[in-house]
Structures are given as C-alpha cells and as structure tokens.
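Read-outs: derived from the displayed coordinates by stated rules, not from any lab. The model shown is predicted, which means the values in this text are computed figures rather than measured ones. As a convention, Cβ positions derive from the backbone with ideal geometry for all residues, glycine included, and neighbour counts pool all protein chains shown.
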Amino acid sequence: MSAYVIVDIEVIDPEGYKQYVKLAPAAVTLYGGRYLARGGLNETLEGDWHAKRLVILVFENADRARAWLNSPEYAPARKLRHQYARSNMVLVEGT
C-alpha cells in the first residue's frame, strides 16, 4: 500500500535552506520515494490551517517512508532542515 509523507515547512533561513533543497532529493530517490508536490502555491480551502511550504512524497509503503526518514543517507539533509526551518510531518497510508 502506498504511503504519503506530507510536510508543512516554515523556512527560517532561506539561504541556508537552499543546501537542504539540493541534498534531500538523492535520499528520497534512494528509498524509492518521489515528490508529488514540492513548495508550489497552496490555498486553504477549509479550516484554519495555513500551510507555509508544502511537500508531498510518495513511497511504496510506510516502512520505506520511515526507513528514508531515519536513514543515514537522509541524516545530513534532515539536520539542515531542522537548522534552517520548522516543520510538521505526517505519514498517511493510501488506498
């Protein structure tokens, strides 16, 4: 069953964050993930959620998504994301 990682990112340091943007895709690809959306315009249609920068990734399954997030290959990028941005991340299984 496909799994989706949805991340709402508030970039604090745009210059520093550029390092993350360059580094992250290789680890996503290595774990079989791909980007469905990456920072495009977003619009709140209902509710109070006002997302900053949305990223949506798809993986083969939830285990692969977790493996990517906790992988040694993603660790340097993850550290940069934590340094230059605030983020909320959820994992949801698809149908």
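Given (1) 22.8, 68; (2) 13.1, 38; (3) 22.6, 65, which label gives Rg and Dmax of the Cα atoms in Å as computed from the coordinates? This structure yields the entry labelled (2). Of the GluC sites (Glu not before Pro) found in segment 1-71, the ones in coil according to DSSP and having at most 11 other Cβ atoms within 10 Å of their Cβ are Glu43, Glu46. Only Lys, Arg, Asp and Glu carry charge here, each on its Cβ (+1 for the first two, -1 for the last two); on that basis segment 3-93 has a dipole of about 420 debye about its Cα centre. Annotation for Ser71 and Ala51: the two label points, set 7 Å from Cα along the Cα-Cβ direction, are 2.3 nm apart.
Defining a contact as two alpha carbons under 8 Å apart and six or more residues distant in sequence, what relative contact order in percent does the chain show? 53 percent. Taking only DSSP H segments of four or more residues, each worth -39500 (n - 2.57), what value at 222 nm results for the chain once the sum is divided by all its residues, to the nearest 500 deg cm²/dmol? -11500 deg cm²/dmol, from helical runs alone.
Note down the net charge around Ser87, summing +1 for each Lys or Arg and -1 for each Asp or Glu among other residues with Cβ under 12 Å from its Cβ. Net charge around Ser87: +3. Candidate cross-link partners of Lys52 among the lysines, defined by an alpha-carbon separation under 18 Å and a same-chain spacing of 8 or more, comprise Lys18.
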